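Input: a single structure, listed below in structure tokens.
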Amino acid sequence: MAVSETGAAPPLPAHPDPQLDAILVGSLPHELSYAIGGPFHLLLPDRFDANAAAFQAVLGEFGVEGRVYYAKKANKAAAWIERCALSGTGVDVASAGELRDALGCGVRGEDIVVTGPAKADGLLRVAVLQGCLIAVDALDELERVIDVGRPARVLLRRLPPAQPHSRFGLDDGELATALVRCREAGLEMEGFSFHLSGYDPLMRAELAAELVDLCLKARAMGLRPDRISIGGGFAVDYTDAEHWERFLRDQRPEHYHAGKSFTPADFYPYHSPVAGPDALRAVLTADGLAARLREAGVQLLLEPGRALLDRAGCTVFRVQGVKDRPGYGIVTVDGSSLSLSEQWFNSEYLPDPALLPAQASPGEPYAACVGGATCLESDMVTWRKVRFPTRPAPGDLLVYPNTAGYQMDSNESPFHELALPPKIVLDTADGMTRWRLDRPPLA
Ligand SMILES: *Cc1c(COP(=O)(O)O)cnc(C)c1O
């Protein structure tokens, strides 16, 4: 008996991706699932390159000098960093491990920016010795940079006046002290930075303009700042406006397993009319920022994470079991919600998973939530009842779209002694797509 589909949540399909779909409908996903015996992530590094180039192109459009640094925390794979090393895209790291990995994959120290608060002495020492650009977040950290006793390149990170409760950055008084210390200690003070929460381009433009003024003031003190970093926070557009608005309007607790409810404001904004490189264009247009940067001879540095990984990966689970409940079903997959990090932020990853049946079998639409193969009630890969075209069956695959940005590996652990899902890189050359392992998963 077909389970009623009326209880399904409103659909939220990811933007179509014909090129990836052509790979997914072939035998490769099933072959890989069989070989690996568990869930896996697919990575598309060509997309990463294209995203980085698109950001760089926007800087070019405005005649603004600057560069893109990939915020490494968004995904641990080596594939992205290897591409950075080859293309000259910079890398933003926040720990000794991330710095080691970037250097080990061939990224040069001068192409690395080190962010993160209260950086450990070991990280600061290597960063200074390798000529990385260090975003200084506090006065005591500045002293520890000076204590390394070698020429050091620094940015001073500004506490955003619009987010005074942020725990990051230096306030006005601290900035004044830091500038004096930079001059006394003979540091290469290259400029200023900030990292704003949220995705508002206007807020970024306003604070960037203030940092340009700070550069001019610091030059009057005899320092030579010539760059500012506006951090990350370029939105990713996962779905179209129509589906998104309908989802927000119509979703309610009955659409979720166990009557679970979410506050819409806690969802990531899965649709953004202005996203990725367009958001950079919006920043540069607002407040005449581009002209101010050019006139002041100040470069613009960006540290996007999520936006560089847009459409650069997906996550594949195998259906292990299906059971019926009144009005819907529970699909259990061969992994856990640790591989879909949004599920750990009291939120839900909303782009709909796609069903890849092992055998084509026409059937009735079927609504089901998706649970992980663990003994936790709370381990739900998808709480909501997704409308599938037919009742999933063991051996079918579920593909979660666009998961490279923050979803794949921020929270993964070998819970229940389930193996960490490997990352499979799809390399395209000479019109041929081949797969390889990224490297053993980093614990
Ligand atoms: C996390 C982070 C980023 C990247 O943010 P996205 O929203 O992924 O673009 C950039 N810079 C710093 C300092 C960060 O902490």
Of the residues R167, R144, R100, which exhibits the maximal mean-square fluctuation in a Gaussian network model of the chain defined by a 10 Å Cα contact cut-off? R167
To the nearest 20 debye, what charge dipole does segment 184-304 have about its Cα centre, counting +1 at the Cβ of each Lys and Arg and -1 at the Cβ of each Asp and Glu? 100
Can you find, among A220, V180, P164, the residue farthest towards the positive end of the dipole of the chain? Put +1 on the C-beta of Lys and Arg, -1 on that of Asp and Glu. V180
From most to least accessible, 1.4 Å probe, no ligand or DNA/RNA atoms counted, C105, C215, C375 line up as C375, C105, C215
Placing +1 on each Lys and Arg Cβ and -1 on each Asp and Glu Cβ in segment 15-70, then taking the dipole about the Cα centre, the residue among F55, G38, G26 whose Cα reaches farthest towards the positive end is G38
Amide H of G329: which non-local residues (sequence gap of 5 or more, or other chain) have their own amide H closer than 5 Å, using H built in the peptide plane? A367, A368, C369
Provide the gained length on full extension for the span E377 to E245, in nm with one decimal, where the gain is 0.36 nm per separating residue minus the Cα-Cα distance. 44.5 nm
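What is the projected area of the convex hull of the Cα atoms of the chain, averaged over all directions, in nm²? Display every interim value, and only then the final one.
Values: hull surface 86.6 nm².
Average of the hull's projected areas for the chain equals 21.6 nm².
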Any idea what the dipole of segment 278-401 comes to, in debye rounded to 20, about its Cα centre with Lys/Arg Cβ at +1 and Asp/Glu Cβ at -1? 180
What full-extension length gain, to one decimal in nm, is calculated for R183 and A120 as 0.36 nm per residue of separation minus the Cα-Cα distance? 20.3 nm
Sequence ranges 203-210, 16-23, 218-225, 366-373, ranked by mean other-Cβ count within 10 angstrom, highest first: 366-373, 203-210, 218-225, 16-23
The chain, dipole about Cα centre (Lys/Arg Cβ +1, Asp/Glu Cβ -1), debye to the nearest 20: 420
Quick one: which residues, 5+ away or cross-chain, put their amide H under 5 Å from the amide H of Y70? H built at 1.01 Å from N. G90, V91, D92
Interchain or long-range residues, amide H under 5 Å from Q299's placed H: R227, I228
In whole percent, and with a 1.4 Å probe on the protein chains, what portion of the accessible area of segment 98-211 is carbon and sulfur? 51
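Can you give the accessible area per residue of the chain, in Å², using a 1.4 Å probe?
On the way: 18760 Å² over 443 residues.
Per-residue accessible area for the chain comes out at 42 Å².
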Round to a whole number: what % of the accessible area of segment 277-402 belongs to carbon and sulfur, probe 1.4 Å? 50
Going by alpha carbons, how many degrees (0 to 90, nearest 10) lie between the helix axis of 276-285 and the longest principal axis of the chain? 30
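The values are calculated or read from the model by the stated rules, or taken from the named source; none is laboratory data. Computed from a predicted model, the values in this text were never measured in an experiment. Reconstructed Cβ throughout: ideal geometry from the backbone, glycine too, with neighbour counts over all protein chains shown. The area values use the complete protein model at the heavy-atom level, side chains included, leaving out ligands, DNA and RNA. Shrake-Rupley method; radii C 1.70, N 1.55, O 1.52, S 1.80 Å.
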